[in-house]
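*Asks:* Sharing a structure here in structure tokens format.
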Amino acid sequence: MAKKSFPIYMLWLDDAWKVVFPKNHADIGHTEFWEQTVSHIVAQHFGIPQKKLDNLPYCQRRARVVGNTVYYGGRPDPTLLKAIRGALDSRSFFFTFDDHEKRLRADVAEFRQLVQRYGEKS
């Protein structure tokens, strides 16, 4: 039996981690999940028009969960792992590095420009 696989985004909002994942842990692509769900959360929080974020799925921290493994392209952070475990209601998750899940510098830079242009929501 194949292990369940689904994307997650880890957003740093209001000085806390918000872990966003598809309903029922649906196995969908990051781009689809970003466009349908996550970009809307980010847009609302930062006051950026959502359409400006459509093509920036690598501007935020993201990972893919397969079984108990969190494939992540960033530095393993115990606080972030604790937030993931809490959001997904399991203590058994652990990080494994995955270069594919790294944020892209160009996407991060474009996102930062959008935040400066539209102003962070207070």
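Every number in this text was worked out from the coordinates using simple rules, so none of it is lab data. This is a predicted model, so every value here is computed, not measured. Virtual Cβ from ideal backbone geometry, glycine too; neighbours counted across all protein chains shown.
*Asks:* Roughly how many debye, to the nearest 20, is the charge dipole of segment 61-103 about its Cα centre, given +1 on each Lys and Arg Cβ, -1 on each Asp and Glu Cβ, and no other charges?
*Replies:* 140 debye
*Asks:* Within segment 32-62, name every residue whose backbone N is under 15 Å away from a label modeled 7 Å from Cα of Trp12 along the Cβ vector.
*Replies:* Hits in segment 32-62 for Trp12 at 15 Å: 59-62.
*Asks:* For segment 61-103, what is the Kirkwood estimate of the hydrodynamic radius, computed as the reciprocal of the mean inverse distance between distinct Cα atoms, to one decimal in Å?
*Replies:* Answer for segment 61-103: a Kirkwood hydrodynamic radius of 10.2 Å.
*Asks:* Then there's this: Looking at [x] 14.1, 48; [y] 13.3, 38; [z] 15.3, 48, which value of Rg and Dmax of the Cα atoms in Å comes from a calculation on the structure shown?
*Replies:* [x]
*Asks:* Name the lysines eligible as straight-distance cross-link partners of Lys4: C-alpha to C-alpha under 30 Å, and not fewer than 8 places from it in the same chain.
*Replies:* By straight Cα distance, Lys4 reaches Lys18, Lys23, Lys82, Lys102.
*Asks:* Nothing charged except the Cβ atoms of Lys and Arg (+1) and of Asp and Glu (-1): what's the magnitude of the dipole of the chain about its Cα centre? Round to the nearest 20 debye.
*Replies:* It comes to approximately 160 debye.
*Asks:* In whole percent, what relative contact order does the chain give with Cα contacts below 8 Å and a gap of six or more residues?
*Replies:* So the answer I get is 28 percent.
*Asks:* Let me ask you something else. For a quick check: sort Trp17, Trp34, Trp12 by the number of other beta carbons within 10 angstrom, fewest at the front. Could you put the intermediate results ahead of the total?
*Replies:* Numbers: Trp17 18, Trp34 25, Trp12 12.
The most exposed by this proxy come first: Trp12, Trp17, Trp34.
*Asks:* Sort out for me the Cα centre separation of segment 54-116 from segment 1-41, rounded to whole Å.
*Replies:* Using only Cα atoms to place each centre, the spacing works out to 9 Å.
*Asks:* While we're here: Run through segment 41-114 and list the trypsin sites (Lys or Arg not before Pro) located in a DSSP loop whose Cβ has at most 14 other Cβ atoms within 10 Å.
*Replies:* Numbers: sites: Lys51, Lys52, Arg61, Arg62, Arg64, Lys82, Arg85, Arg91, Lys102, Arg103, Arg105, Arg112; in loops: Arg91, Lys102, Arg103.
Hits after loop and neighbour filter: Arg91, Lys102.
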